[in-house]
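These notes concern the structure reproduced below.
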Amino acid sequence: MGAGIAGLAAAHRLLERGARVTVLEAADRVGGKLLPGEIAGARVDLGAESMLARRPEAVGLARAVGLADRLQPPATATAALWTRGALRPMPKGHVMGVPGTADALAGVLSDEGLARIEQDAELPRTEIGDDVAVGEYVAARLGREVVDRLVEPLLGGVYAGDAYRISLRAAVPQLFEAARTHTSLTEAVRGIQARAAAAQQTGPVFMGLHGGIGTLPLAVAESVRARGAEIRTGTPVRALRRHHAPGAGAPVWHVDTADGTYEADAVVLAVPAPAAAELLRAEAPAAAAELAAIEYASMALITLAYRRSEAALPDGSGFLVPPVDGRTIKASTFASRKWGWLAEDHPDLMVVRTSVGRYGESEVLERDDADLVDVSRHDLREATGLTATPVATRVTRWNDGLPQYPVGHHARVARVREHVGKLPGLAVCGAQYDGVGIPACVASAYAAVDQLDGDLTGVQRLTADPVQSLHGGAGE
């Protein structure tokens with residue numbers, strides 16, 4: 001249930017395993033947080049705009065649905081930090097903002113902040129136990145400046161969260177594992193970098209698609225439809241319950257909607273945590289309680305189109321903004337610089353995106369669209385000197401768009417899966433479990449299908465209307 005990228009990936013994988021698939025989606029479109037759009041005649045993304053290329057799942061799915069020739073890395077990966085009143089090059093040699101050395105951090109950190117990093121090697125081991133907040137651990141080793149001016153803007157760009165709440169184990173697992181075996185945090189970071197170099201991870205870190213990442217779920221949906229799956233949008237699910245027919249074999253699932261009840265041998269539940277909690281309340285109350293406790297952050301994306309001749313911008317793909325600097329926007333992407341296809345298709349335009357909104361930050365999102373455009377233009381002018389008037393603007397709001405990963409999230413997800421795993425023919429996937437990035441969502445979908453493999457073996461039946469077979473769902 002749900003036709004975001006996780007659920008569509010699950011449907012795609014289920015079809016490969018020979019299942020019959022029906023996808024039920026409450027919204028009137030597929031794609032979830034991957035949303036293609038248009039501004040001033042240019043195709044743009046109004047949601048996520050890239051995917052991690054050094055994980056294989058999302059790029060592999062794009063190739064599987066015929067998008068191989070449209071995969072493109074960013075034309076430039078040079079980003080900046082807008083901090084201490086200037087745009088400063090994003091330091092290299094870090095893991096999610098955690099540096100391996102103090103080199104190249106002058107200007108970003110104060111002299112005191114630089115000296116604090118050097119003390120890391122002299123500190124005794126910090127015991128982190130089963131989990132710890134990223135900000136708490138990094139501040140204890142390297143000082144708060146590293147968290148506030150380096151870690152916070154990078155984590156904020158991914159989770160729209162608070163580094164002092166976000167779980168190190170869930171959000172930066174490779175650093176969590178390295179920190180458990182190294183006394184020095186900077187040594188742990190250098191070890192991660194050395195292993196990456198030894199693995200010859202030299203390709204692009206991120207990948208996009210000509211026409212925008214929002215075209216990926218559309219292509220997956222087209223592929224699964226072509227292979228016999230049915231996708232029903234505008235079909236919210238009201239209830240999910242196990243049905244034990246007298247004299248029948250194993251129980252089946254009944255999925256209740258306004259259009260009737262669907263019968264399923266197995267269900268992939270790929271919807272946000274609040275919706276999943278509501279649907280699981282009757283059959284898996286313990287899992288429902290865990291899911292109901294997951295919090296979300298809201299954000300908004302402001303897309304602005306300028307005449308290129310009037311939009312003089314610095315080099316690079318854009319910049320991040322540390323919250324400690326007190327600005328309203330948290331990031332800006334120079335989309336026409338970042339994506340070569342956009343510049344080639346619309347050489348007279350300069351498309352720029354800004355984002356606002358972090359966890360616990362509701363006041364800024366209460367502003368109307370015109371105010372968000374104005375504040376974005378103000379901050380862009382302060383950061384880059386851009387004074388031109390845009391020829392078009394769009395504001396896209398993602399209310400409760402990003403699940404938060406606080407300390408203990410890993411254990412919570414394990415408990416959810418333990419409770420759900422006691423119900424044959426049921427699996428969950430989506431952004432609230434193992435990562436909010438596109439590859440993580442696709443991987444969670446594949447894991448859900450793998451869990452169901454035993455339940456689906458030999459199952460091919462499709463019962464008659466109004467009770468229909470639902471052998472797979474879709475996702476966030």
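Annotations
- Test: residue in the stretch 349-364 that is closer than 24 Å to Ser50 by Cα and in a helix (DSSP H, G or I): no
The rows are residues; the columns are (1) out of contact with any helix residue (DSSP H, G or I) (no Cβ under 8 Å at 6 or more places or on another chain); (2) acidic (Asp, Glu).
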| position | (1), (2) |
| --- | --- |
| Gly326 | yes, no |
| Lys330 | no, no |
| Thr333 | yes, no |
| Ala343 | no, no |
| Val356 | no, no |
| Glu366 | yes, yes |
| Gly385 | yes, no |
| Ala392 | yes, no |
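- Filtered by the rule that a residue be aromatic (Phe, Trp, Tyr) and closer than 25 Å to Ser355 by Cβ, the stretch 124-173 gives Tyr159, Tyr164.
- If you go through the stretch 261-283 and keep only what is among the small types (Gly, Ala, Ser), part of a loop (DSSP other than H, G, I, E, B) and surrounded by fewer than 21 Cβ atoms within 10 Å (Cβ to Cβ), you end up with just Ala282.
- Residue within the stretch 173-180 that is over 20 Å from the mean Cα position of the chain (by Cα), surrounded by fewer than 18 Cβ atoms within 10 Å (Cβ to Cβ), assigned by TED's automatic domain parsing to the domain that holds Val108 and not aromatic (Phe, Trp, Tyr) present: yes
- Residues of the stretch 30-46 that are crowded, with 19+ Cβ neighbours inside 10 Å and part of a loop (DSSP other than H, G, I, E, B): Val30, Gly31, Gly32, Lys33, Leu34, Leu35, Ala40, Leu46.
- Per this entry, Ala286 is counted among residues that are touching a residue at least 24 places away in the same chain (Cβ under 8 Å), in a helix (DSSP H, G or I) and in contact with a Lys or Arg (Cβ under 8 Å, 6 or more places away or on another chain).
- Qualifying residue in the stretch 367-377 (condition: part of a loop (DSSP other than H, G, I, E, B) and either acidic (Asp, Glu) or at pLDDT 95 or above (or both)): yes
- Where strands (runs of 3 or more DSSP E) fall entirely within the stretch 178-247, those with at least 2 residues that are of a type outside the set (D, E, K, R) are at 206-209, 237-243.
- Scope the stretch 415-436; condition out of contact with any helix residue (DSSP H, G or I) (no Cβ under 6 Å at 6 or more places or on another chain) and closer than 19 Å to Gln174 by Cβ; matching residues: Gly435, Val436
- The one condition in (1) modelled with pLDDT under 95; (2) touching a strand residue (DSSP E or B) at 6+ places or on another chain (Cβ under 9 Å) that Thr126 fails to fulfil: (2)
- Under the condition of being at pLDDT below 95 and of a type in the set (A, V, I, L, M), the residues counted in the stretch 231-265 number 6.
- Single condition Arg327 does not satisfy, out of (1) in contact (Cβ under 8 Å) with a residue 40 or more places away in the chain; (2) part of a loop (DSSP other than H, G, I, E, B); (3) under 27 Å from Val205 (Cα atoms): (3)
- Yes/no for Ala258 being touching a strand residue (DSSP E or B) at 6+ places or on another chain (Cβ under 8 Å), surrounded by fewer than 20 Cβ atoms within 10 Å (Cβ to Cβ) and among the small types (Gly, Ala, Ser): yes
- Residue count for the stretch 1-29, restricted to those that are out of contact with any strand residue (DSSP E or B) (no Cβ under 6 Å at 6 or more places or on another chain), in a helix (DSSP H, G or I) and crowded, with 19+ Cβ neighbours inside 10 Å: 7
- Conditions (1) at pLDDT 95 or above; (2) part of a loop (DSSP other than H, G, I, E, B): number failed by Val459: (1)
- Looking across the stretch 390-410 at every residue that is touching a Lys or Arg at 6+ places or on another chain (Cβ under 9 Å) and among the aliphatic types (A, V, I, L, M), the one that is surrounded by the fewest Cβ atoms within 10 Å (Cβ to Cβ) is identified as Val391.
- Helices (runs of 4 or more DSSP H) fully within the stretch 67-170 counting 2 or more residues that are buried (at least 22 other Cβ atoms within 10 Å of the Cβ): 134-142, 152-159
- Taking the stretch 165-209 as the range and being farther than 16 Å from Leu52 by Cα and among the hydroxyl-bearing types (Ser, Thr, Tyr) as the test, the residues that pass are Ser167, Thr181, Thr183, Ser184, Thr186.
The values are calculated or read from the model by the stated rules, or taken from the named source; none is laboratory data. Values in this document were obtained by computation on a predicted structure and should not be read as measured data. Cβ atoms come from the backbone with ideal geometry, glycine included; neighbour counts cover every protein chain shown.
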